[in-house]
Amino acid sequence: MNGKIDIAIIGGGAVGLSVAYHLLQMGGCSVRLFEANQIGSGTSWHAAGIVGPLRSSLNMTRIAMYATHLFPELENETGKSTGYRQTGGLWLAQNHERLAELRRIHAMGCRVGLGVEMISPQEVLQVAPHLRVDDLAGALWVDEDAQVSPVDLCAAYAAGIKQLDGLIEEGQPVERIETDNGKLKGIALLNGERVNCDRVVLCAGLWSRTLAANVGVNVPLQAVEHMYVVTEPIDQLREPVPVVRDLDRGVYLKGDTGKMVIGGFEKDAKIWNPTSEIPADGGFLMFAEDWDQFEPFMQAAVERMPVLESTGIQMFMNGPESFTPDTKPLIGETPELPGLFVAAGFNSVGVMSSAGVGRELSEWILNGRPRFDLWEVDIRRVSPKWNETKNLHLRMQEAVHTQFAMHWPLKQPEPRVGLHRSPLYER
């Protein structure tokens, strides 16, 4: 069976759903979204659900800010809750170098109109009395920090798509992207159906690399085991509990209906490689608990929030998450195959980024360019050498930890794998 549409979307996680929603909102195109299992499966369902609009650059902050408008707006449009709740957030600094970085980020927040404020350790206690602050040099407060339920958000996106007459096909694995003489032709489903289309949007998360490689396209991302825990209820918590990023300890804390979510970004993350582009277990992937790997984060969390020492753990979540060599997403039209667009490799912020990325990529697909300069995340920036498995694995020794590391100007990655060398290298 063959069908003809304008745009096929591969992947029904938060990002793929957002792309479909925004394409249909802009109008003038037919869209079908194909999900191998259920919407929200893969990695979206087990995300921590933190919404942080303040990012590492001005344009990425502008894109991330859109989530704070879209998520509550989706609830009004569809009548479905997204679990969105504005709690505010703290970025903690234990030293003056980190405090200088937070001042730079504060200035960027001021420029885009966010409610940001540099505060003292004693002022931290006013909004988060459960924290230890005696080792802090200061902190950044962000009014707009929030949280969302990833599963509910995906359901709300899907409801919006259906209201706009879009098609979502669950249980429809895509076997391959099809080309003809180097030109995009469409996609082939595992059930034998071929879907002809002019444009394909690849939002298949950690399976994106394999699907792209089959048509000679480089999507350098690597899945690792990414962990967080949920505590038992804590009576002493004062709602709303702000999101806490303890940057120098590499750990984050988030309230969860009277409980706490604790997670972090580790050095030497554990590599995981899917054996197939099609999940065999329904797509809701989970790995075994690994307390040896997680213990440093638990210890750091207890040091920051002492009540955790006497609090039980209700759940240990360990699932796959995709990271990229330079810790930035892969977005845009691929240089190897015009008409194939990618949105993948979100380095643990895919749910939060879904709103802005969906809007900007839709603009890119339909109007030829996004509204902002997105070169820092444009997939055309990558070298084919980034996609070599050995190099990807080496970069994962640092890429995950880099999320909370000091972002020094012109900082060079470690380990340096020698992908590109100047003529003076051997001298």
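Among the residues of the stretch 18-42, count how many are within 13 Å of residue 353 (Cβ to Cβ) and in contact with a Leu (Cβ under 7 Å, 6 or more places away or on another chain).
Looking only at that region, the number is 1.
Could you pull out the residue among 210, 179 that is out of contact with any Pro (no Cβ under 8 Å at 6 or more places or on another chain), of a type in the set (Ser, Thr, Tyr) and in the same structural domain as residue 332 (by TED's automatic domain parsing)?
That would be 179, the only listed residue that is out of contact with any Pro (no Cβ under 8 Å at 6 or more places or on another chain), of a type in the set (Ser, Thr, Tyr) and in the same structural domain as residue 332 (by TED's automatic domain parsing).
Quick check: is even one residue across the stretch 67-75 among the charged types (D, E, K, R), at pLDDT 95 or above and surrounded by fewer than 23 Cβ atoms within 10 Å (Cβ to Cβ)?
Going through the stretch 67-75, the residues among the charged types (D, E, K, R) turn out to be 73, 75.
Filter once more, so that each one left must be at pLDDT 95 or above: 73, 75.
From what is left, the residues that are surrounded by fewer than 23 Cβ atoms within 10 Å (Cβ to Cβ) are 73, 75.
Yes, there is a match, as at least one residue in the stretch 67-75 is among the charged types (D, E, K, R), at pLDDT 95 or above and surrounded by fewer than 23 Cβ atoms within 10 Å (Cβ to Cβ).
From the set of residues in the stretch 113-131 that are buried (at least 16 other Cβ atoms within 10 Å of the Cβ) and in contact (Cβ under 8 Å) with a residue 40 or more places away in the chain, which is farthest from residue 235 (Cα to Cα)?
Taking the candidates together, the pick is 114.
Going by the structure shown, is residue 300 hydrophobic (A, V, I, L, M, F, W, C) and at pLDDT 95 or above?
It is true that residue 300 is hydrophobic (A, V, I, L, M, F, W, C) and at pLDDT 95 or above.
Can you go through 79, 138 and tell me which one is farther than 25 Å from residue 376 by Cα, surrounded by fewer than 20 Cβ atoms within 10 Å (Cβ to Cβ) and at pLDDT 95 or above? Talk me through it step by step, then tell me what you get.
Values: 138 fails: surrounded by fewer than 20 Cβ atoms within 10 Å (Cβ to Cβ).
The match here is 79.
Residues that are outside the structural domain of residue 260 (by TED's automatic domain parsing), surrounded by fewer than 20 Cβ atoms within 10 Å (Cβ to Cβ) and touching a residue at least 60 places away in the same chain (Cβ under 8 Å): does the stretch 226-241 have at least one?
Within the stretch 226-241 (the criterion being outside the structural domain of residue 260 (by TED's automatic domain parsing), surrounded by fewer than 20 Cβ atoms within 10 Å (Cβ to Cβ) and touching a residue at least 60 places away in the same chain (Cβ under 8 Å)), the answer is no, since none of the residues qualifies.
Any idea which of (1) crowded, with 18+ Cβ neighbours inside 10 Å; (2) among the hydrophobic types (A, V, I, L, M, F, W, C); (3) in the same structural domain as residue 344 (by TED's automatic domain parsing) is the one residue 102 doesn't satisfy?
If we test residue 102 against (1) crowded, with 18+ Cβ neighbours inside 10 Å; (2) among the hydrophobic types (A, V, I, L, M, F, W, C); (3) in the same structural domain as residue 344 (by TED's automatic domain parsing), just (3) comes out false.
Are there any pairs, at least 6 apart or on different chains, whose C-beta atoms fall under 8 Å, with the first in the stretch 392-419 and charged (D, E, K, R) and the second at pLDDT 85 or above and part of a loop (DSSP other than H, G, I, E, B), and if so, which?
Once the first residue is charged (D, E, K, R) and sits in the stretch 392-419, its partners that are at pLDDT 85 or above and part of a loop (DSSP other than H, G, I, E, B) give 395/325.
Return the residue satisfying two criteria in turn: it lies in the stretch 22-58 and is modelled with pLDDT of 95 or more and in a strand (DSSP E or B), and of such residues it is surrounded by the fewest Cβ atoms within 10 Å (Cβ to Cβ).
Across the stretch 22-58, the extreme among qualifying residues is 32.
Can you tell which of 79, 160, 171 is at positive phi, in the same structural domain as residue 18 (by TED's automatic domain parsing), out of contact with any strand residue (DSSP E or B) (no Cβ under 7 Å at 6 or more places or on another chain) and touching a residue at least 12 places away in the same chain (Cβ under 8 Å)?
Unique residue meeting the criteria: 171.
The values are calculated or read from the model by the stated rules, or taken from the named source; none is laboratory data. Note that this is a predicted model, so its numbers are computed, not measured. Note: ideal-geometry Cβ built from the backbone for every residue, glycine included; neighbour counts use all protein chains shown.
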